[in-house]
1. Taking only DSSP H segments of four or more residues, each worth -39500 (n - 2.57), what value at 222 nm results for the chain once the sum is divided by all its residues, to the nearest 500 deg cm²/dmol?
2. With charges only on Cβ, +1 for K and R and -1 for D and E, what is the dipole size of the chain about its Cα centre, in debye, rounded to 20?
3. Go ahead and set up a Gaussian network model of the chain, Cα springs under 10 Å, then flag whichever of ALA59, ALA23, ALA75 fluctuates most.
4. Could you check the spin-label model distance between GLU41 and ASP63? Points 7 Å from the Cα along Cα→Cβ, value in nm.
5. Just flag the chymotrypsin sites (Phe, Trp or Tyr not before Pro) in the range 1-46 sitting in loop per DSSP whose Cβ has no more than 13 other Cβ atoms within 10 Å.
6. Starting from the range 15-83, pick out the trypsin sites (Lys or Arg not before Pro) whose DSSP state is loop and whose Cβ has at most 16 other Cβ atoms within 10 Å.
7. Rg to Rh ratio, the chain, alpha-carbon atoms and Kirkwood radius?
Amino acid sequence: MSEVSANLEPKTLELFLYIAGEAEHWDMTPPIEGLRRFSREDKGRFMQLKKHDLLFVDAVDVDNHVIHFTNGGIALAAQHGLEIE
């Protein structure tokens, strides 16, 4: 287990792996609006992923935002068998 995944709560890691798994369907930059609806808890977990510098969000326009993975996020995904190019 990597240091990063050891610091993430299991549900937060689960959310990260869901997002990373969806990336392949969205040219590696999944839109927040294209994912499942985030619960209040998911929103907090998403903030933790950003705080751990695993991903960041970029606005395409007012209503559309895409997720980009940092090198740390790419490495964590790879440790769990998910390839992000």
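Please treat every number below as a calculation from the coordinates, not as lab data. Fair warning: this is a prediction, and the values are worked out from it, not measured in the lab. Cβ coordinates were reconstructed from backbone atoms using ideal geometry, including for glycine residues, and neighbour counts include every protein chain displayed.
1. Value at 222 nm, helices only: -14000 deg cm²/dmol.
2. 440
3. Answer for the Gaussian network model of the chain: ALA59.
4. Result: 3.1 nm between the two label points.
5. Those satisfying the criteria are PHE38.
6. Filter output for the range 15-83: ARG36, ARG37.
7. 0.93
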